[in-house]
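What follows is a short report on a single structure.
The numbers here are math on the coordinates, done by the rules we state, and not lab data. Quick caveat: nothing in here was measured; it's all calculated off a predicted structure. Using ideal geometry, Cβ is built from the backbone for each residue, glycine included, and neighbour counts are taken over all protein chains shown.
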2 protein chains.
Amino acid sequence: MTEKKFSVCFEPGHKIINGQKGDSLLDLAIAAGTGLCASCGGEGVCGRCRIKLVEGELECEDHLQISAEEFAQGIRLACQSRLISNVTVEILAESRFDTALSGDTISCTLQSQPEPAENKAVLPLRKVFLKLTPPSGTDNASDLARLKRFLKPVCPAEPDIDYHLLSGLSETLRENNWEVSVSLLKTPGGEKIINIQPGDQTKATYAFAFDIGTTGVRGQLVEFTESKVLAQATEYNGQIPFGEDVISRINYAAREGGLIQLQRAVVNTLNNLGNAMLSEYGLTAEDISFATIAANTTITQLLYGLDPKHLRLAPYVPAANELPLIPARHINLSICPQAYIYTLPCVASYVGGDIVAGVISTNIPRREGLVLYIDIGTNGEIVVGNKDFMLTASCSAGPAFEGGGIKNGMLAKPGAVEDIELDTQNFEPKLSIIGGGSPKGICGAGLINTVSALLKCGLLGQNGKYNSNIKTNRLRKGADGCEYVLAFGREFGQGQNITLSEVDIDNLIRAKAAMYAGYQTLLESAGAGFDNLEKVIIAGTFGAKLNIKKAINIGLLPELPEERFIFVGNGSLAGARLCAFDANAQTQAAAAAKMMTNVELSESTSFMDNYMAAMFLPHTKSSDFPEVYAALSKFNGGNT
Amino acid sequence: MTEKKFSVCFEPGHKIINGQKGDSLLDLAIAAGTGLCASCGGEGVCGRCRIKLVEGELECEDHLQISAEEFAQGIRLACQSRLISNVTVEILAESRFDTALSGDTISCTLQSQPEPAENKAVLPLRKVFLKLTPPSGTDNASDLARLKRFLKPVCPAEPDIDYHLLSGLSETLRENNWEVSVSLLKTPGGEKIINIQPGDQTKATYAFAFDIGTTGVRGQLVEFTESKVLAQATEYNGQIPFGEDVISRINYAAREGGLIQLQRAVVNTLNNLGNAMLSEYGLTAEDISFATIAANTTITQLLYGLDPKHLRLAPYVPAANELPLIPARHINLSICPQAYIYTLPCVASYVGGDIVAGVISTNIPRREGLVLYIDIGTNGEIVVGNKDFMLTASCSAGPAFEGGGIKNGMLAKPGAVEDIELDTQNFEPKLSIIGGGSPKGICGAGLINTVSALLKCGLLGQNGKYNSNIKTNRLRKGADGCEYVLAFGREFGQGQNITLSEVDIDNLIRAKAAMYAGYQTLLESAGAGFDNLEKVIIAGTFGAKLNIKKAINIGLLPELPEERFIFVGNGSLAGARLCAFDANAQTQAAAAAKMMTNVELSESTSFMDNYMAAMFLPHTKSSDFPEVYAALSKFNGGNT
C-alpha cells in the first residue's frame, strides 16, 4: 500500500479508525459507526455534520456554514474535511445521533430547527398542538371544521382525515378542554390526519423501523423530536418453521391457508419485537405513530398478503414492487391502529427493499467512484455502481451468516460468540461473547472469525476439513464428523458444549462461495474488476463489526487493501430508519429502485464456474489471495 | 292572475304542464318530471337540453350550439327557450334521461362524448379497459408497475391503489389474458384504483344513490355509461323501532351499544333496498362501484357511527359536516367492498345533506330570483335564497307526511291511496291507488288530498273535526274519535278498513302548521314575504305529484298563483343521484353547504306565534287564504 495511513479518534466514545490521506471525515465517521449526522448525504449544504478539531490537522474549506469565529475555534463540517494527519475530533452535540445502540448506526437524518437548505429532512409524520376555541351560539361549526380551521395556519392545504378518527373526535376535544395534538402523515395525495391525541404530545413522536430478513428480524424504536434511537431488538423470523429459505416459503404459501399463516407469522415477530422495545421504554402500541419496513421481495409480498408464486416462476414477476402506505390495522401490526406503514420499494423478484434501503443509507446514488455494496445474509445481495448506474444481483447464500444451519449457530444477540483468539500452541480458545457471560452459540461474525482462526493456526485445512494429525482435546469426532469445541459446557457452569463441525464449516464455505461468486460475476457484468472499486461497502447483520482481515482469510471478501472496505452493519435497517426520519429518503428510495438494473446470476454462464472456484478456503485461485496464501504456506509446504 | 297561461306538452310521454309567458322550457321540463338533461344547470353552455319544437312557437335565441340547419328543423336548447304560446315539444333522445321511474326525476348530469365546456360533467368514478403486454424475460416489471404503465396514457398522474386489491392482482391479470377493467375513483388527493375486474367491463358501471329520511329511505340503482336509472326502491328506515324522530334516536344512541345498533339498522335498510334493486336487474353487490348518500345530520352521524349527542346540546355542534369518502366495507354497506361512499355535506345540527342535495338539484345557488325551497318530510327543511344568499331552517313536522303516526298511514308505495275524489252528495270516495289494486293504506299525498276533499265537501270543519250532523255510513265513531272510512275491507275483498280519524287529522294539522310556520318565519328573517318569491320549489317523498291546490286548501302551502310552484319530488334523492353522475356536483354541494346560513327557529320569538296561527284549516288568518276561505264560506255562513 502506497497511500499514507492516519488514525482518527472520534470523541465522545473514543472510536478509533484508520484512514488514508484525503479521506473524508464524514465517510470515516460513518465507517466508525459514530452516528454523525448528515442530512444532505455529504454534499456540504445541510451544515449538520459539525465536528471540532481537538488535535492534529485537517484539510478543510472555509465553508459558508461555519463562521470565521467558529472556524478559529476548530469547528468544521466533517463532509468538507479531509484527512492529512492523525487527528482527534469531537462530534458536536447538535450533530450527534444517539449511538448508545450503534453497531449499525449509519448516516442519519434529522429534523430540528428550520433549515434554509432544500435538502432539509422532512419528517413523514408531524404532530401539531392546537388550542381550539370552544363552540358557541355564534360559532357552532362542526368539530371537524373547527379542527381544520385551527390547523390551517400550519397546514394550508386542507388535510384528509382517517374515517376511524371521527367517532372519537367530539369526546377527545371536549374531554381535553379543546387542546389536542394532531398527527399529520405525508401521503402522495397530501397530508392526512391520522391521529388526534389529548393535550400537547408534540414532545415525543415515536416510530418503529424494521428490517425483516429471511432469517433474522431487527427492529428499532425511534423518536422524532430528539431524533433518537431508543431501543432495538432482534429475533428470528417466525416464518422459519414454514421454510428456511424464501423458495420453501413461496412453496408453503401455495398451500391452503399457507399465505395467511406466513403473513401472521412475520407480523407476530414484528409485534414481539415491538412489545419488547415498548416495554423497555414504558410505552404502549398506541404511542407508535409510524413504522417503516425494509425486506426482500418475498418477505415483502408475504407481509402484504400477496401470493409470491410468480416470484419463482419465469419471468419472475412480483405482484408489486412499490407498495402503498397502509394503515397498521390492515396487517394487524401492533402500533396505533390509524398509524401507517411505509415499506421500501423492491426492484425485482430477488432484489428487495432491504437492498434499496442499504443503497440509500450508504448514498450510492450520489457517489462518483465505483462502489461494491454487499449485504451478507441468507439472501446475499450485491450492488455495483455509483451515481450513473447500479447493477444488482442476489444469490442464495443460505442462513449460515445469521447462525442458521449451524449446529450451535444463533443470531447476533447477547450470549453469541462473536470473536475468538486461538492459542497457536495448545489451540485453546479465548472467546469474545456479546454482552459477556457464558456462550450460548455462535453468530455469523463468530463463525467467520472462528474459521479464520482455525485456518490460520493450521487446525483446519483449506478444504474445510480438520487436521486430525493435531492432538488436542478440543478436536473430536462428533455426530456431524470431526468438530472443534469452542466451549465445554462445564467451563461456564452450564450443560451445553459449543462446537463447530465440518458440516457447519461446509455450510459456511458454500455460503461465502455464493457471495464471492455473486459479486465477482456482477463485477464482470459491469465490465469491471475488484481493482476498479473505490470502496467495498459491507452490510450485514451477523454481529458487531465484521473483521475485514478474517473475512478475507476465509475468502468471503476479496483481498484488497483494508482501507477500501467500509463496514456499515445493518444497511437495511439503517435505510428503514432513514425513511422513518425523512420523507425525502422515501422519495430517494423510489428513485434508487427505478435506477437499479437486476442481473439474473442464474442466467450467467460464469456464475457457476466462479462458485465452484470459490469452494475452498480462501479460494482455489491463489493469485487472487496472495497474502492469505503466503500466510498459509507454512502448513502446506509452500505449495498452493 | 294577470299573467297569460299556456300549456306545454312534452313528448315522448305526453306530459302536459301549464306555464306562463316567458317561462323557461327547461324549468317546465324539470317541473313536469320529464327527465330532460342539463349538465350546466341551465346556463346554456353544455348544449345538452336539446328539444325539437313540434307545434306552436317559442321565443329562442339562435344559440351557438345549435346549427342553422338544426334551428330550421326546430331544434332548440330548452334552457334558452321561453314560452309564448301553447306548444308541443319533443325531448330529443340524446337529451333524455331515462324516466321510466320518474316522479322524482330532476335535472341530471351526463357524461358521454368529450365536451368543450368547462361545465362538462365528470363521473366520480371511471372504468378503463386495458390490454397489457404479458411480462417477459426482458420486461419483468411487477404486475402493479405494468398496470400503471398501461394506465399512464389515460391517467397521467400516477394513481394510488387500494391495498386490498393487491392480493388478487396477479391472478386477475393472468386468468384474464392480461385484459382487465380498472376502476378509478376521484378523491381529493387524485385518482385511486379501487377495482380491477376481468375483461372489458366499461360498458356498464353501476352505482347506488340513497336518500335516507328519518322515516323513509329511498334508493336508486343507476348506470353511468348510459346515464340511466335502472331501478328504485323505498322502505321504512330500520331505525324507527329505536325512535320515531331524530331526538329519540339521539337519546337511544346514548345507551350502551345504542349507537352501533342504530348504525347497523340503517345500513341494514340500505342493504335491503340494494338487494331488492340488484335482484331486479340480476346484478350482485360486487357490481356496484360507487354509492352516494343524502341524509339529515343526525342520520348522517349515525350512519358514520358518530355519537350524535352534541347535536341536541347547545350550541348544537355536529362532529363533522363534511364527511370523508369511505370504503363501503367500513360501514358494511353491501356493494363492492373497495367501492367508496360519498355523503353529501351537512350544514348544521338540523340542516343536513338532504337539504344540500335538494338545493343543488334545483340549482338555487345559480338562480337570480328569490326562491323558497321546502322539503316536506318528518324533518321539514326550508331554504330561502338565490345565488347571493341562502337562509335555511328546519322544523320537526313529525312523520305524518310519510304516513307515520297515522293509523292507516304508509310510505308512497304500491297500494297507497294517493288521491281521492268525494261525491259531494253521498260522500262516497273514489280512490287513486299507487299501482292500482286494493288499498293498503294512505301515503302523505293521499292524506293531504283526503283532508282537502273532506274540507271542501263540508264533512270536515276548519278546526279538524268531523261534522257529525252529516249522515253517511262513511263517518263513524272509532277508537280514536270520529273517523271517515276511505275503504271498507269488504269493498276490496280484504279484511282491513282504511280510515282517517280526527287524531290522524290532528297529526297532519300539527305537521302542516310546523312547516308553514317554518317558512313563514324564515322568510321574515330574510326580510321578505311570500309576494317576493319568484318560485316556490316543493320537494318531498310523500308520493306521486303533490296537488298544489289541495295543499293550499289545507294550508300546507301559501296561497300563491299556482304557476309559481314547482314540485320536484324527492329533491334529496335527486341531489344524491346528481353527485353519483357528476363529481362537479360534489364540489357544488360543498360550496352550497358553506354558503347556507342556519336560522334556529326555536330561538325565533315569532315561530311559536306563527305555528299557533297555522293550527287551523287552512289557517286562522283568512286574509292570507282568501280563495280557500271564499270556497269554504258556504259551510260557515260566510263568517270567517
Exercise for the section: About the Cα centre of region A:400-508, how large is the charge dipole given +1 on each Lys and Arg Cβ and -1 on each Asp and Glu Cβ? Please answer in debye to the nearest 20. Expected result: 260 debye
Practice task
Taking a cut-off of 20 Å between Cα atoms, list the aspartates and glutamates near A:Lys594, but don't count ones fewer than 8 places away on the same chain.
Solution key: A:Glu322, A:Asp354, A:Glu368, A:Asp375, A:Glu381, A:Asp388, A:Asp582, B:Asp139, B:Asp143, B:Glu158, B:Asp160
Exercise for the section: Count neighbours as other Cβ atoms within 10 Å of each site's Cβ, and list the trypsin sites (Lys or Arg not before Pro) in region B:237-307 that are DSSP loop with at most 13 such neighbours. Expected result: B:Arg255
Problem - Shape call, region B:396-458: gyration tensor on alpha carbons, a/c limit 1.5 - result: oblate
Practice task
For chain A, restrict the atom set to alpha-carbon positions and state the Rg and Dmax in Å.
Solution key: 25.8, 99
Fill in the blank from the handout: Neighbours of B:Ala276 by Cβ distance under 13 Å: Lys/Arg at +1, Asp/Glu at -1, summed charge 0
Problem - Fraction of alpha-carbon pairs over 20 Å apart in region B:206-353 - percent - result: 44 percent
Practice task
Express in nm, to one decimal, how much length is gained between A:Ser623 and A:Met608 on full extension, taking 0.36 nm for each residue of separation and deducting their alpha carbon distance.
Solution key: 3.4 nm
Problem - Net charge contributed by nearby residues that have their C-beta within less than 14 Å of B:Met608 (K/R +1, D/E -1) - result: -3
Practice task
Pairs of Cα atoms under 8 Å, at least six residues apart: use those to get the relative contact order of region A:457-578, whole percent.
Solution key: 17 percent
Exercise for the section: Run through every distinct alpha carbon pair of region A:203-292 and return the Kirkwood hydrodynamic radius in angstroms, one decimal place. Expected result: 13.8 Å
Problem - Dipole-positive endmost among A:Leu411, A:Leu391, A:Leu431 within region A:368-433 (Cβ charges, Cα centre) - result: A:Leu411
Problem - region B:206-353: relative contact order in percent, alpha carbon pairs under 8 Å with at least 6 residues between - result: 24 percent
Practice task
On a C-alpha basis, how far is the centre of region B:582-631 from the centre of region B:478-551 in Å? Whole number, if you could?
Solution key: 15 Å
Practice task
Towards the positive end of the charge dipole of the protein assembly as shown, with charges on Cβ (+1 Lys, Arg; -1 Asp, Glu), say which of B:Val89, A:Val87, A:Phe581 has the farthest Cα.
Solution key: A:Phe581
Completion exercise
extent check for the protein assembly as shown: Cα max minus min per principal axis, descending, whole Å, gives 138, 62, 58
Practice task
Mind putting a number on the dipole of the protein assembly as shown about its Cα centre? Charges go on the C-beta only, +1 for Lys and Arg and -1 for Asp and Glu, and I need it in Debye to the nearest 20.
Solution key: 1740 debye
Practice task
Rounding to the nearest 20 debye, state how big the charge dipole of chain B is about its Cα centre with +1 on each Lys and Arg Cβ and -1 on each Asp and Glu Cβ.
Solution key: 900 debye
Handout entry: Inter-site label distance for B:Glu368 and B:Ala204 at 7 Å from Cα along Cβ, in nm
Key = 4.6 nm
Completion exercise
Residue-ordered couplings for region A:608-616, obtained by feeding phi - 60° into the Karplus form 6.51 cos²θ - 1.76 cosθ + 1.60 and rounding to whole Hz (Gly and Pro as x), are 5, 4, 4, 5, 4, 5, 8, 7, 7
Practice task
Just add up the charged neighbours of B:Leu431: K/R +1, D/E -1, any other residue whose Cβ is under 10 Å from the Cβ of B:Leu431.
Solution key: -3
Handout entry: Listed residue (A:Thr362, A:Gly529, A:Ile293) projecting farthest to the positive dipole end of chain A, Cβ model
Key = A:Ile293
Handout entry: All-pairs Cα distance distribution in region A:191-253, expressed in whole percent, bin size 10 Å
Key = 18, 31, 24, 20, 7
Practice task
Working from Cα positions, state the angle (0 to 90°, nearest 10) between the long axis of helix A:502-525 and the longest principal axis of chain A.
Solution key: 70 degrees
Practice task
For chain A, find the longest principal axis of its Cα atoms and tell me its angle to the long axis of helix A:163-175, 0 to 90°, nearest 10.
Solution key: 60 degrees
Completion exercise
A:Ser438 and B:Asn532 label points (each 7 Å along its Cα→Cβ direction) are spaced in nm at 9.4 nm
Practice task
Check the axis relating chain B to chain A and name the residue of B whose C-beta is nearest, distance in whole Å.
Solution key: B:Gly189, 1
Completion exercise
Cα-based Rg then Dmax for region B:400-508, in Å, read 12.5, 35
Fill in the blank from the handout: Loop-resident GluC sites (Glu not before Pro) in region B:178-244 with no more than 14 other Cβ atoms inside 10 Å, DSSP not H/G/I/E/B, are B:Glu226
Completion exercise
For chain A, longest principal axis from Cα atoms; helix A:444-456 axis from its Cα atoms; angle between them, nearest 10 degrees, is 20 degrees
Exercise for the section: Could I have the simple spin-label model distance between A:Phe389 and B:Thr424, label points 7 Å from Cα toward Cβ, reported in nm to one decimal? Expected result: 10.1 nm
Practice task
Under 28 Å Cα to Cα from B:Lys4, which lysines show up? Leave out anything in the same chain fewer than 8 places away.
Solution key: B:Lys15, B:Lys21, B:Lys52, B:Lys387, B:Lys456, B:Lys535, B:Lys545, B:Lys549, B:Lys550
Fill in the blank from the handout: Partner lysines whose C-alpha sits under 22 Å from that of A:Lys203, ignoring same-chain residues fewer than 8 away, are A:Lys120, A:Lys127, A:Lys131, A:Lys148, A:Lys152, A:Lys186, A:Lys192, A:Lys228
Completion exercise
For A:Ile51, B:Ile84, ascending order of other Cβ atoms within 10 Å (fewest first) is B:Ile84, A:Ile51
Practice task
Mind jotting down the distance between the C-alpha centroids of region B:355-433 and region B:64-84, whole Å?
Solution key: 34 Å
Practice task
State the antiparallel share, in %, of DSSP beta bridges confined to chain A, rounding to the nearest 5.
Solution key: 70 percent
